[in-house]
Structures are given as C-alpha cells and as structure tokens.
1. Go through Ala91, Ala62 for me and flag whichever is within 16 Å of the ligand (Cβ to nearest atom) and crowded, with 17+ Cβ neighbours inside 10 Å.
2. Which of the residues that make up segment 256-270 are aliphatic (A, V, I, L, M), more than 11 Å from the ligand (Cβ to nearest atom) and either open to solvent by less than 10 Å² (accessible area, probe 1.4 Å) or in a strand (DSSP E or B) (or both)?
3. Of everything in segment 342-359, what is among the small types (Gly, Ala, Ser), on the phi < 0 side of the Ramachandran plot and surrounded by 23 or more Cβ atoms within 10 Å (Cβ to Cβ)? Give them in sequence order.
4. Do any strands (runs of 3 or more DSSP E) entirely within segment 106-215 hold 3 or more residues that are closer than 30 Å to Pro394 by Cβ, and if so, which?
5. I need the full set of residues from segment 216-234 which are in a strand (DSSP E or B) and closer than 16 Å to Asn182 by Cα, in order please.
6. Out of all the residues in segment 300-346, which are small (Gly, Ala, Ser) and over 21 Å from the mean Cα position of the chain (by Cα)?
7. Since Leu150 meets every condition but one in (1) within 16 Å of the ligand (Cβ to nearest atom); (2) touching a residue at least 24 places away in the same chain (Cβ under 8 Å); (3) touching a Pro at 6+ places or on another chain (Cβ under 9 Å), which condition does it not meet?
8. Go through (1) hydroxyl-bearing (Ser, Thr, Tyr); (2) open to solvent by 20 Å² or more (accessible area, probe 1.4 Å); (3) assigned to a loop (DSSP other than H, G, I, E, B) and name the single condition Ser73 misses.
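The values are calculated or read from the model by the stated rules, or taken from the named source; none is laboratory data. None of the values given here were measured: they were computed from a predicted structure. Cβ sites come from the backbone with ideal geometry, for glycine too, and all protein chains shown count toward neighbours. Each accessible area value is taken on the protein alone, full model and side chains, heavy atoms only, with ligands, DNA and RNA left out. Shrake-Rupley method; radii C 1.70, N 1.55, O 1.52, S 1.80 Å.
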Amino acid sequence: MSRNAELFERASRSIPGGVNSPVRAFRSVGGTPRFVTRAQGPYIWDADDRRYIDYVGSWGPAILGHAHPEVVSAVQQAAVHGLSYGAPTEAEVQIAEMLIERLPSLEMVRLVSSGTEATMTAIRLARGATGRNKIIKFEGCYHGHADSLLVKAGSGLLTFGNPTSAGVPPEFVAHTIVIDYNDTEAVRAAFAEHGKDIACVIVEPIAGNMNLVKPAAGFLETLRTECTAHGALLIFDEVMTGFRVGPQGVQGLTGIKPDLTTLAKVIGGGMPIGAFGGRADVMKHIAPLGGVYQAGTLSGNPVAVAAGITTLKLLSAPGFYEHLASQTRKLTDGLTACARAHGIAFSADSVGGMFGIYFADQVPGSLAEVSASNIERFKVFFHAMLDEGVYFAPSAYEAGFVSSTHDDAVIAATLAAADRAFGKLGN
Ligand SMILES: *Cc1c(COP(=O)(O)O)cnc(C)c1O
C-alpha cells in the first residue's frame, strides 16, 4: 500500500473525510489524495517521495513558488520575536499602507485571518452601513462558507436562494438573491424590483471557483451603475484575484472601482490572513468607530503579516506580472494546441497567473456552461497527468495557478506529459 493511501486511511479515522477542506479529498475525481511532505518552487513532494509540478499553489497563495527563501526568512525572523501578541504592531500598519497604496479603491483596510472572515464581515458591514438587508450574489461564485453566502438559485427566474449546505436555515438565506454570472438583464430586473432594499452586490470580478470564468463585456459596469443608482455597495471579492491577475487585481484591469474589496490568499504569502477594505465612510461603521462588530484574536498576526509584506514587496519587481502572464499563456496555448493535435474538444483561458482548462469547444461564461463541459474526460486527464507527475486541481470546477518559478523547462515538461495524457483519452 502506498504511504499516501495509508495516511488517508489513518486520517479518515480522526478527521471527517480525512481532510480539513473538502476538495482535498479527491471526491470529484476519485482516487487517493496525495499527502504533501514538502514543497519548493513549482514542485510538491508526496508521502511516497514522488515529485509533482504543482498547478494548485495552495489554491493561489504560492505566487512566488513554494518556500520562497525571502518569505521563509521573513517568517523565521518574525517568529523569533513571538508568535502573537493580541496588541497592535507597526508591521500591521505597514501592510495596511501597502494595500492602500496598491489598490486605489482602498482608503482603509482591516486584517482578519481568512477569506471567509473577510467576505462575511464585508457583507455585515454593507448591511450595517446601508441599513438594508438584501444582498445579490452570483451562481458559481464562492465567497467562503458564511451562512448567507452558501446559497444557490432557487427555481424560477429571480428567486431568493436555497441553502447549499445542511445546517443553514432557509431564513438565513432569505435575503440573498442569486443571479447567473454574466446575466446583466437579471441584475437590472433585481434592482428594478428590490433596489431600495439591496445592501450590496458581492461578486468575484473574475470568477475562479467554478473553474475560470471571465466577466462578459458590460457585466461589471452594469453592477457598478446599478449599485450607484440604487445606493447599494459593490463588493469585489478579490480573495483569489487580488495580486494574482495583476498588480491591482481586477479593479486595476478594468478600471471599475468597488466600494469594498475582500482579499486573502496571495496577501499572506501562504500564511493565514485576510483583509477587507474600501471607502473610508463605509469602513468607519466598523467597531470601535461604528456599530458593526468584528474582531479576531489572531487578526494581524505578526508572522502572517511578515510573510505578507515580503510577498507584496517581491510582487512589485518590475515585469513580475508580465512574466507570470506570459508563462501562464505558454501553458494554456501549449495545452490547447496539444489537445487539438489529438482531436480533443478542449479550450483554455488565462489572466495573469490564473488559468482555466475546459473539455469543451468554447471557453464557458457561466456555471451552467462549465457543467456542460466533458467532466468525465477531465477526470481521466487529471489522473493521467497525476501519473505523469503533474498536479492539477482535483476538480473541473477549480481554476489553476502558475507561479513565477514555473520556468520554460517546467512548462515544457508539463506539455510533454499532457501530450501523453491526451493520447490516452481518445476522441
Ligand atoms: C478562497 C476564497 C474565499 C475563501 O477564503 P478562505 O481563506 O478559504 O476562507 C472567498 N472568496 C473567494 C473568491 C475565494 O477564492
């Protein structure tokens, strides 16, 4: 028995499903999850000491490659001075200033410990600041696991959602309106009907939790216009896209300014951190200035902040994002050409260091279109690549991530593996 299989069996006795976050369990692709023992640059090693080229990158944070020496050293130096104080530090001020300097829509920012905390609090803040209850979210966008956000569309157009998790009372999502991603008409209709009750719209401005799905022309602009016209707040959930798609997130790419932004993943460089920020007049509703409560024992943790500051500094190197985007494009263009050569219906898309691959002729624009792709074929491809030593996300509904350490040799090795994997698929 492989050491991975042994560990998975042992893990399953003490941890539900053997994992601490569901997608890690390989349920949607089948097989045994790889237990990671170490990681360096573009590679991870499993418990059987097999090496894989990693396109998950801890689901986004590992943008500089794993265990970047300067980030590791910053963490080590911070740790020597104590792991947590529960009192303010200068480093927290520094990272807040760095975030505000980099993202023009941020006038004030608060640190938390995860993306879930950031989005959950941003929603509470939007409700508290507007005095309204209803929120709009989009089918296929994931904003962490807070109750009011674990919701999918009900039956019929323009309905309030149904919980997607047991344990969430229907009443808790009764204020959440769920609309298809890129359905601009439905957004207008929702505002026409409920405009004066809508506190906010929360959106992944480029979606990465239903595989990669980009906003259609005019979609984000409509969100901005409708929110402004009806006094609702626009929240860009840039937990995944922030510092991943470019130096200023999607707001930098599109020039659309949200009222609030949520961040996590890259800004902690692999350590647990999250942040929400935006307009000062809105942020001033947060305790202790205002009546919207939020707190955290480990918020602004000095070790996580040290990793974050160092990561953000390294991301500011000239040409960083051009290089990252070009490596990512080499991967997606190469995979597409290779699949075509094998006569396989396949498409791919990318932005900055984030990509999507789809067993479909065209790049999808919604959750329904992603679901209509050939998911069975993805599973076969995933396992063929895993056998080849290439670790893609173990689900057809996840985006992929490239780091600055994925050099030409790594991409070439991936494409050579893909050529063999596609060859096994048949058409
Ligand atoms: C990962 C993610 C979250 C949740 O962040 P956690 O740190 O896992 O709680 C929220 N929103 C988006 C867009 C994400 O990608």
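1. Values: Ala91 fails: within 16 Å of the ligand (Cβ to nearest atom).
Criteria check complete, one pass: Ala62.
2. Of the residues in segment 256-270, the ones aliphatic (A, V, I, L, M) are 256, 260, 263-264, 266-267.
Filter once more, so that each one left must be more than 11 Å from the ligand (Cβ to nearest atom): 256, 260.
Result: Leu260, single match.
3. Within segment 342-359, the subset among the small types (Gly, Ala, Ser) is 343, 345, 347-348, 350, 352-353, 356.
From the residues that got through so far, the ones that are on the phi < 0 side of the Ramachandran plot too are 345, 347-348, 350, 353, 356.
Within segment 342-359, Ser350, Gly353, Gly356 meet the criteria.
4. Numbers: elements: 108-112, 134-139, 176-180, 198-203.
Per the criteria, 134-139, 176-180.
5. Leu234
6. First pass over segment 300-346, keeping only residues small (Gly, Ala, Ser): 300, 304, 306-308, 316-317, 319, 325-326, 334, 337, 339, 341, 343, 345.
The answer is Ala306, Ala317, Gly319, Gly334, Ala337, Ala339, Ala341, Gly343, Ala345.
7. It fails just one condition, (2).
8. Among (1) hydroxyl-bearing (Ser, Thr, Tyr); (2) open to solvent by 20 Å² or more (accessible area, probe 1.4 Å); (3) assigned to a loop (DSSP other than H, G, I, E, B), Ser73 violates only (3).
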